[in-house]
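Engineer: Following this message is one structure expressed as structure tokens.
The values are calculated or read from the model by the stated rules, or taken from the named source; none is laboratory data. Quick caveat, the model's predicted, so the values are computed rather than measured. Backbone-built Cβ (ideal geometry, glycine too); neighbour counts: all protein chains shown.
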Amino acid sequence: MDWMGMDYRKFDGLTLEQIEAESRKMPERSPEARRESRQKFILDPRDQSTPAAMNRLLDKIYKKEILDPESCNLILSIMHRCETGEGRIKGELPPGTPVAHKTGTIAGTFNDTGIITLPAGLGHVALTVFTKDFEDETEDVEKIIADIARLVYDYFVFTGDVPQSATLQ
């Protein structure tokens, strides 16, 4: 709602269906108003994380240190079945490489965070790539994310140097 310039307090207590119905009644916003609300949304720190914080979260989920083991396993299972962002972290990895990931896309922000399983028992690497205020085509930024993931994958596979901070044991 912030991204769309909507005052969410106006919709307090309504169901999703009611909110959708009310939003359809709202007048069309000007391109300037849309740009303004988008920029305000992008700069708002309340709904942001850092790649390092996301990697710490992934590490805790993988090691089952943040929730009970069943919940952590469920989260990882859902992330393994993620159907969005096939061109992001998974995009340039060898076919069949297991990746548990979660994408995010809104207002010029294209993200992917996940755990890549390295071959030959080398371990796992948590990788988070966040972009912001990206104005090119979706495929362009997805290719950048995919290339970063492939660089990380190749580094650890070819060097075998998977330090504790990059490996989820």
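Engineer: Are there any helices (runs of 4 or more DSSP H) wholly within the range 13-63 with 2 or more residues that are in contact (Cβ under 8 Å) with a residue 24 or more places away in the chain, and if so which?
Structural biologist: Numbers: elements: 16-25, 31-43, 51-62.
In the range 13-63, 31-43, 51-62 are the helices (runs of 4 or more DSSP H) which contain 2 or more residues that are in contact (Cβ under 8 Å) with a residue 24 or more places away in the chain.
Engineer: A further question follows. Please work out which one of (1) assigned by TED's automatic domain parsing to the domain that holds V152; (2) among the charged types (D, E, K, R); (3) not in a helix (DSSP H, G or I) is the condition D2 fails and give its number.
Structural biologist: So the condition that D2 fails would be (1).
Engineer: Further question: Those residues that are of a type in the set (S, T, N, Q) and under 20 Å from A107 (Cβ atoms), I need them from the range 4-32; list them, please.
Structural biologist: Within the range 4-32, the subset of a type in the set (S, T, N, Q) is 15, 18, 23, 30.
Result: S23, S30.
Engineer: Can you pull out the residues in the range 60-69 that are among the basic types (K, R) and exposed (fewer than 14 other Cβ atoms within 10 Å of the Cβ)?
Structural biologist: Going residue by residue through the range 60-69, those that are among the basic types (K, R) are 60, 63-64.
Residue satisfying the conditions is K63 alone.
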